[in-house]
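Let me begin by presenting the structure, written as structure tokens, before commenting on it.
The values are calculated or read from the model by the stated rules, or taken from the named source; none is laboratory data. Source: prediction; values computed, not measured. Cβ: placed from backbone, ideal geometry, glycine included. Neighbour counts: every protein chain shown. Only protein heavy atoms, including side chains, enter the accessible area calculation; ligands, DNA and RNA are left aside. Shrake-Rupley method; radii C 1.70, N 1.55, O 1.52, S 1.80 Å.
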Amino acid sequence: MRLRSVAAHVAGQNWLAVGIDLVIVVVGVFLGIQLGNWNAARADEQRHEAALDQLAEEIAANRLIVQDYRATYEERVDTVQRSADLLRQCASGPEVLAEVEAGLQLLRGTPGFYPQTSAIRALTEDDSLKRQQGEVERQALQELRRIIERIDDGAAFLEDIPFRNPIEAHPIIAYASSLTDDSAETGLYRDIVLTVPLSEACRDADLLKALYSYERVGSFSLRLADMADDILDRTTTTLGLQD
């Protein structure tokens, strides 16, 4: 409509009106572009705010994952240490045997650490989200991702250790004849038992070494849990998140 008005004024050689019409057209186009840019910027800002909200939820979820990871390992390490102590002392009796075999049973696997990472990946990979970040925020997010991935890699390495040299392969270890009560949940199906008396098993250096190795795996795993708690705390504080 405005362009037809310009054409009419040109035809009538009304140059002042032509100039006014052109100014109105240019201003209208400029305002339209600016409004579009403002809407796009606002949309990016809202996406960034939503991504930070998702990150806060992700951090809260990861705190629970770390908490379970730590609690499981603390319990397992206590059991394995008790088993190693009794075996080293060459203690005897049915209760001692049960405790030793409980420790050996745990050597068959390790808890996994599987953190949630979708929000932190989006915030460190999406260019439109990265443009919304200041330098402090950007560095905090990159550090969070780096540490969480490092912990995840370390936990995966530790989780794999029991399967490289399975305790079931030890010559004085055998499978129990009955299935475990929690076989469907754990996937272990059968408990393992000693095939020799405790008085003989306690002199088996490789058996003690296996228990001590698991103890060491547990200590590293607890250290990973400490690292996870630290980076989650630091990120929450730096970004002012409410998780």
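The combined condition, being free of Cβ contacts under 8 Å to residues at least 40 places away in the same chain and either within 20 Å of Ala201 (Cα to Cα) or part of a helix (DSSP H, G or I) (or both), is not fulfilled by Leu55.
Restricting attention to region 200-243, the residues that are under 30 Å from Val136 (Cβ atoms), open to solvent by 30 Å² or more (accessible area, probe 1.4 Å) and among the aliphatic types (A, V, I, L, M) add up to 2. Can we say Asp191 is surrounded by 13 or more Cβ atoms within 10 Å (Cβ to Cβ), at pLDDT below 95 and in contact with a strand residue (DSSP E or B) (Cβ under 6 Å, 6 or more places away or on another chain)? Yes; evaluated as a whole, the condition is true for this residue.
Of the residues Gly28, Gly32, Gly36, the single one that is more than 30 Å from Asp206 (Cα to Cα), in a helix (DSSP H, G or I) and at pLDDT below 65 is Gly36. Number of residues in region 189-221 that are among the aromatic types (Phe, Trp, Tyr) and over 15 Å from Pro162 (Cβ atoms) equals 1.
Sort out for me the helices (runs of 4 or more DSSP H) sitting completely within region 69-132 that have 3 or more residues that are open to solvent by 40 Å² or more (accessible area, probe 1.4 Å). Break it down stepwise before answering.
Numbers: elements: 94-106, 118-125, 127-130.
In region 69-132, the matching helices (runs of 4 or more DSSP H) lie at 94-106, 118-125.
Given the criteria of a type in the set (A, V, I, L, M, F, W, C), open to solvent by less than 40 Å² (accessible area, probe 1.4 Å) and modelled with pLDDT of 95 or more, does Ala56 qualify? Taking the combined requirement at face value, the residue satisfies it.
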